Amino acid sequence: MTLATIQAPHGPVFEFLVLFSVILIGPVVFTRFRLPGLIGLLLGGFAIGPHGLGLIGAGNHTVPELGHLGLLYLMFVAGLELDLLVLRAYGRAAVLLGLLAFSIPFSAGLASGWALGWSLPAMCLLGALLSSHTLITYPTLRNAGFGGHPAVATAVGATVLTDVLALVVLAVVAGTQTGSGSPALIVGEIALGFVVLVVVGLLALPRAVDAFLRQFGGDRVTRYVVIVVALLLMSVLAEVFGIEGIVGAFFAGLALNRLVPNEGPSMERVEFFGAAVFVPVFVVSIGLLLDPAVMLTGETLGLAAIICAAALGGKAAACWLSGRILGFSRPENAAMYVLTVPQAAATLAVTLIGFEIGLFGTHVVNAVLVLILVTIVFAAVLAERVVKWLPSRAGHRPPLGAKVLVVAPVGGPSESAIRAATRLARPDGGHSDVLITCTPQDGRPDSATLRAVEQRLSRHGLDGHVRTDASDVGDALARSLLTADPSVVIVDDPAYNTTPIGVPVLVVRESGSPRVIFDDRDGLAAEIARRLA
Amino acid sequence: MSRATSAVACLAAVALTCCCACSAKESAAGASFKSATPGALRVATAFLPAPGFWEGRPPTRGFEAGLAIALAHKLGLERVEVVQVPFAQIVQGKLRGADIAISQLTPTDERKKHVDFSDAYLSSPPGVLLRNGVNAIDVHELQRLRWVVSSASTLTPTVTHRIRPDRDPIVVVDRSQALRVLREGRAEALLLDLPVALGLARAQPQLFHVAAQLDGEEDLAAALPRGSPNDEVVDTEIRALIADGTVSRLASHWLGKSAEEIPLILTEQS
């Protein structure tokens, strides 16, 4: 190598280095200042973009295309993470809040667009982006023990409705703007597309993926790739009917919601790749659009003020009105508000698509970025206070099948134990972990044995971790009750006969029905018997 | 809240959106175009005629002619006025009073000092235009050809550094002279923006064909006078024309083959 070959870094490898450096450094720096990492990614995207240091040029296709995949992934995970049980339990309240949290900000968006003299499609898109919301503050409330609180559950359930309605508006507006047929034909195509998405997404796809995972899902890579293929398949299917791919991605998330339990290993992998690569790349790709020369103008800041007022005011009105009708207290109204006010995923999606189809210009995009920054910071700060205002909910139990723990001997769980775990977990969309106990005489099972157990679980449609504990059943179970907090335990040892505190235990026998031992104050024995029947 | 109420509310929202979305000819959010000539979009272009891009007298046919008309329509303007301006002047920002230049322009850092570029309307990797009777399927065969290059072209370094012909290329001043050299048979190969090469091959199939494209991320974009107040609205409407399929239809009609149909030859990046 001669000095003549030394040159300034350039090309795709350098661009990826720059991109992932931002993904690494941006959130680290901003979380140190107690600000959401998302803002670090947005500002990092600006720093490396054409309006910043120019390390990623305006003509770069790679980052925006990878970002588009990230957008699909983001909407997919939003559908996947939604707790459908909560939606069912608080359905009526969620529908009420969902309709109000959609219609009031949507109307505020229409009014704002009309006042600004925008075209009707642009007004509708503004309404759609203001009416959606992202559950960014949900982890704060969940970690404080309010995941099952009626107000929190209502807001989580309402998210399904608001986001679906916002995506319906997006699909119709984008379809009519980009289609080449008559408006009636295009709306007809979109309506047909939604029917196909619902039928495929809620009926055919879950069954097909379940069958595939039972057959081939023993391999972790295969499980993950099947999930990604399902996501892309639904996105392409949506696009075939002139509906934006993110709508299909969201439906794919809903379709696989039960098959990928929120705390199972498959979800961990989905979230890992989403958090490490896809979603940050999407946010950075949005940051590339950030232009201070545009953002810091009076026109953009004025626009940002209007849409911030419409979003914050619209969501406040919706939560207050819902709270009045549902009889919630002020802290509970505030809890709904901090969950429904943050604008991120769907807002970015709608904005980006509005930009791509020529309904929004760079002023609007930059104003929406201001909106996102304002709502996220505001909600994050308020959420920390809300968890102190809400009364504690000691004694709240998770659903029976939310987290099933199977305690098995060194050879792995029996078929009847796995069958019982499947029947308990499936109705609640829960997952099952297996704890293999072993004595010093048995020796720890090797990795091949553990993989074989994982594959057997997979064939039964279960998605769970397999762990070992070198002690007897009683000690291992006592430790797990403290650390894993299962909702129900299945002991694959007919000799076990200890009554634990606060959790139902099923003792699987070689023949006959399992023996249930626990203090049945909540009447769970009947529910267990019904599921196992 | 009953199911019926929920369903009615959803349908009302969708119906309202449909009604709104169907009125398509208004300008987008915050968009307004300030035209130099009332009611007209004044367009500067360098090459007249440019096969596939600007054809006819007056030049109303071709990909970029169609794009200009569609853009004017989107901007609410009644007509397009075309002014011919030398390419060197366009990239120096001298548009002779035109609102916009649409002239197979590739944005470069140097050119950005003099003009504002719009969002790209067409992907434009380097395309290899060959005389009929010769062909090339890899970089070694490209090296054996006799090349002509234009000193004004941004693609000349690609020929000299990435293709590295066995013989020194013939150097001319501009594209017109390069095409003359190619027609006369003094050279066999010319590197052009792929859409330009496709337009030429479609217009003169008895003389030329496009043998390959090279890897590259170049695009074609319109240019506006530096600091033009129309940057945002032009960007927005170009994205709208891409999204609604207008650009694809124009490219398919006037340029014939699409980039996906042209073989890719990988070269060493300089």
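Where a number appears in this text, it was derived from the coordinates with a stated rule and is not lab data. Worth saying up front: this structure is predicted, and the values here are computed from it rather than measured. Glycine gets a Cβ as well: all are built from the backbone with ideal geometry, and neighbour counts include every protein chain shown.
Please state, to two decimals, what the Cα-based radius of gyration of the range A:267-383 comes to when divided by 2.2 N^0.38 Å (N = residues). Working shown, then result.
Working: Rg = 16.3 Å, N = 117, 2.2 N^0.38 = 13.4 Å.
The range A:267-383 yields a ratio of 1.21.
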**Report entry** Nitroxide proxy distance, nm - points 7 Å out along Cα→Cβ at A:GLN455 and B:GLN143
**Finding:** 5.1 nm
**Report entry** Per-residue mean of C-beta atoms belonging to partner chains within 10 Å, peptide B:104-117
**Finding:** 1
Query raised in the report: With charges only on Cβ, +1 for K and R and -1 for D and E, what is the dipole size of the protein assembly as shown about its Cα centre, in debye, rounded to 20?
Result: 880 debye
Report summary line: Taking the dipole of the range A:403-532 about the Cα centre (Lys, Arg +1; Asp, Glu -1; charges at Cβ), the one of A:LEU506, A:GLY443, A:ALA529 that reaches farthest to the positive side is A:ALA529
Query raised in the report: So for the protein assembly as shown, what are the equivalent ellipsoid semi-axes in whole Å, largest first, each being the square root of 5 times an eigenvalue of the Cα gyration tensor?
Result: 56, 33, 22
Requested in this report: Taking the Cα centre of chain B as origin, work out the dipole magnitude from +1 charges on Lys and Arg Cβ and -1 charges on Asp and Glu Cβ, in debye rounded to 20.
Outcome: 660 debye
Query raised in the report: Using r as the Cβ-Cβ distance of B:ALA88 and A:LYS388, and R0 as 60 Å, what FRET efficiency do you calculate, to the nearest 0.05?
Result: 0.30
Report summary line: Note on the range A:403-532: C-alpha Rg/Rh, Kirkwood Rh, two decimals, gives 0.93
Query raised in the report: Within a Cβ distance under 14 Å of B:VAL148, other residues only, what is the Lys/Arg minus Asp/Glu net charge?
Result: +3
Report summary line: At 4 °C in a medium of viscosity 1.567 mPa s, the range A:15-166 has a Stokes-Einstein diffusion coefficient, with Rh taken as the Kirkwood radius over alpha carbon pairs, in µm² per second, of 72 µm²/s
Query - Under 5 Å, built H, 5+ apart or other chain: amide partners of A:VAL466 - result: A:VAL434
Report summary line: Here the Kirkwood hydrodynamic radius of the range B:99-203, Cα-based and in Å, equals 14.6 Å
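Remind me, relative contact order of the range A:403-532 in percent, using alpha carbon pairs under 8 angstrom and six or more residues apart? Could the numbers behind the result be given before it?
Details: 227 pairs, mean separation 34.7, N = 130.
Reported as a whole number, the value is 27 percent.
Can you give the calculated 222 nm mean residue ellipticity of chain A, where each DSSP H run of n ≥ 4 adds -39,500 (n - 2.57) and the sum is split over every residue, rounded to the nearest 500 deg cm²/dmol?
Working: 23 runs with 337 residues, N = 533.
Calculated mean residue ellipticity at 222 nm is -20500 deg cm²/dmol.
Counting pairs on different chains as well as pairs 8 or more places apart, how many Lys pairs in the protein assembly as shown have Cα atoms under 15 Å apart?
Values: B:LYS25/B:LYS74; B:LYS34/B:LYS74; B:LYS94/B:LYS112; B:LYS94/B:LYS113.
The number of close lysine pairs in the protein assembly as shown is 4.
So which GluC sites (Glu not before Pro) in the range B:41-81 pass both tests, a DSSP loop state and at most 15 other Cβ atoms within 10 Å of the Cβ? It would help to have the intermediate numbers written out before the result.
On the way: sites: B:GLU55, B:GLU64, B:GLU78, B:GLU81; in loops: B:GLU78.
Sparse-neighbourhood loop GluC sites (Glu not before Pro): B:GLU78.
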Report task. Work out the FRET efficiency for A:VAL199 and A:ILE325 from their Cβ-Cβ distance, taking R0 = 25 Å, and round it to the nearest 0.05. Result -> 0.15
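For a quick check: sort A:ASP219, A:ASP163, B:ASP166, A:ASP291 by the number of other beta carbons within 10 angstrom, fewest at the front. Mind dumping the intermediate values first?
Working: A:ASP219 14, A:ASP163 27, B:ASP166 11, A:ASP291 20.
Fewest-to-most ranking of A:ASP219, A:ASP163, B:ASP166, A:ASP291: B:ASP166, A:ASP219, A:ASP291, A:ASP163.
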Report summary line: The set of residues whose placed amide H lies less than 5 Å from the amide H of B:GLN104, leaving out same-chain residues fewer than 5 positions away, is none
Query raised in the report: Rounded to the nearest 0.05, what FRET efficiency do B:SER176 and A:LEU301 have when you use their Cβ-Cβ distance and R0 = 30 Å?
Result: 0.05
Query raised in the report: Can you give the helix-only mean residue ellipticity at 222 nm for chain B, where every DSSP H stretch with n ≥ 4 adds -39500 (n - 2.57) and the sum goes over all residues, rounded to the nearest 500 deg cm²/dmol?
Result: -9500 deg cm²/dmol
Query raised in the report: Tally Lys and Arg at +1 and Asp and Glu at -1 over the other residues with C-beta under 13 Å from the C-beta of B:ARG96: what net charge comes out?
Result: 0
